[in-house]
Amino acid sequence: MRKLQSQGVHHITLVGAGRQTSIDFWEGVLGMPFIFEQPNLDKPTESHLY
């Protein structure tokens, strides 16, 4: 299999089981800080976490 070389990641989307579980994964596993939360305008019961 040929290796893929990358200069970085622009963005990814993950669907999590819950708000805090998702934040814990991003911070604890990926080492990325939680920045802010934005309501999902298409589905008000969900949010986008950055």
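Can you report the number of residues in segment 21-38 which are surrounded by fewer than 11 Cβ atoms within 10 Å (Cβ to Cβ) and modelled with pLDDT of 90 or more? Outline the logic, then answer.
Taking segment 21-38 and keeping what is surrounded by fewer than 11 Cβ atoms within 10 Å (Cβ to Cβ), we get 21, 28-31, 33, 35-36, 38.
Keeping just the survivors that are modelled with pLDDT of 90 or more gives 21, 28-29, 31, 33, 35-36, 38.
The qualifying residues number 8.
Could you say whether any residue in segment 5-18 is surrounded by 11 or more Cβ atoms within 10 Å (Cβ to Cβ), at pLDDT below 90 and either hydrophobic (A, V, I, L, M, F, W, C) or outside any helix (DSSP H, G or I) (or both)? Write out each step before concluding.
Keep residues of segment 5-18 that are surrounded by 11 or more Cβ atoms within 10 Å (Cβ to Cβ), which gives 16.
Among the residues that remain, those that are also at pLDDT below 90 are: 16.
So of that shortlist, the ones also either hydrophobic (A, V, I, L, M, F, W, C) or outside any helix (DSSP H, G or I) (or both) come out as 16.
Yes - at least one qualifying residue is present in segment 5-18.
Rundown of residues vs (1) of a type outside the set (S, T, N, Q); (2) over 9 Å from the mean Cα position of the chain (by Cα); (3) assigned to a helix (DSSP H, G or I), yes/no style:
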site	(1), (2), (3)
PHE25	yes, no, yes
GLY31	yes, yes, no
ASP42	yes, yes, no
THR45	no, yes, no
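The values are calculated or read from the model by the stated rules, or taken from the named source; none is laboratory data. Since the model is a prediction, treat every value here as computed from it, not as a measurement. Here Cβ is always computed from backbone atoms with ideal geometry, including for glycine, and neighbour counts include all displayed protein chains.
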